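The structure under discussion appears below in the form of C-alpha cells.
No lab work stands behind these numbers, since they all come straight from the coordinates. Everything quoted here is computed from the prediction, not taken from an experiment. Reconstructed Cβ throughout: ideal geometry from the backbone, glycine too, with neighbour counts over all protein chains shown.
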Amino acid sequence: MKWPLIAYFLIGTVVIVIAGALAIPFVYESQTLWYKLGSDKTVLRAGQLVGLLALASLLIQILLGARGSLLQETFGVVALMAWHKANGILLCCLAVLHVVLVLVPEGLANLPLGTKNWPEMVGGVLLLVIFSQAISSLFRQQIGFIYKQWRTVHRTLGYVALCLAAVHVLFVADSFAQGVPRRALLAILVTVFVVVLAVKFAPFMGKLRDKR
C-alpha cells in the first residue's frame, strides 16, 4: 500500500519527538542517577528510557483512539484499529518493564510508598489503569462487557491515564522540573488535548454549519 506524503510527515514527526524524548535522560540527567554506579545506573537509566517510550506510546494511543479525519483518510480505519490494539499491548508491556527496571536498583524492599513519594504512587495507579485497560480490551467478550458500555469506560480511562501520566512524569523526575523538557512535554500534552477536542467537536460543528 502506497501512503500519501502526509503519512511520512506524520510518522517522521513522531520519530523525531520520540528521539528527542529519549535524549532527555542523557542531556538532562536526573539527580537519582548521580548516586548510582555500574549496572544499577545502567538499569535505572534504561527504566527512564522505557518510561519515556511508554509515555510516547500512551500519547499515540490517545490519538489512534480519537481517529481524526486526517488519520482516517491517510491510513484507513482498519489500519488505525489494528495499530491501536497492538500499541495498547506494547504500552502495557512498556509500563510493566518501566516499573521493574526502576525498582530493581532500589530493591523491592524500598518501595516508594507514603505521601512523600506521591508522584511514584500516581505512577502505580497509572500502571493499574493501563493494565486494566489492556485486560478488558483483550478479554472483553469473556468478561461479558457490553461493547457500548466498555467503549465509554475505555475512552474515559484513557484520558484519565494521560492525566496521571502527565502528573507522574512532571513531578517524579527532576529532568522535567523546569527548562526545555518541561515546556516541550506541556506543549505536546496541550497539542494532543486540542487535537482530541477538535476531533470530538468536529461532527457538532459540521451540523451547525449545515443549519446556517
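Summary table below
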| item | result |
| --- | --- |
| The range 124-190, Rg to Rh (Cα coordinates; Rh as Kirkwood inverse mean 1/r) | 1.13 |
| Cα centroid separation - the range 135-172 against the range 59-112, whole Å | 11 Å |
| Shape category assigned to the range 1-68 from the gyration tensor of Cα positions, a/c cut at 1.5 | prolate |
| Proximal lysines relative to K200, as straight alpha-carbon distance under 28 Å, when same-chain residues fewer than 8 apart are discounted | K85, K148, K211 |
| Dimensions (Å) - the chain, Cα atoms, principal axes, largest first | 63, 41, 36 |
| Alpha carbon convex hull of the range 1-117, projected area averaged over orientations, nm² | 9.3 nm² |
| Virtual spin-label span in nm between L138 and L157, 7 Å along Cα→Cβ | 1.3 nm |
| Helix-only [θ]222 nm of the chain, DSSP H runs n ≥ 4, -39500 (n - 2.57) each, per residue, nearest 500 | -28500 deg cm²/dmol |
| Rg/Rg_globular for the range 65-118, with Rg_globular taken as 2.2 N^0.38 Å and Rg from C-alpha atoms | 1.80 |
| Mean Cβ neighbour count within 10 Å, used as a protection proxy, ranking 151-157, 46-52 highest first | 46-52, 151-157 |
| Added length on full extension, which subtracts the Cα-Cα distance from 0.36 nm per residue, C93 to V125 | 10.0 nm |
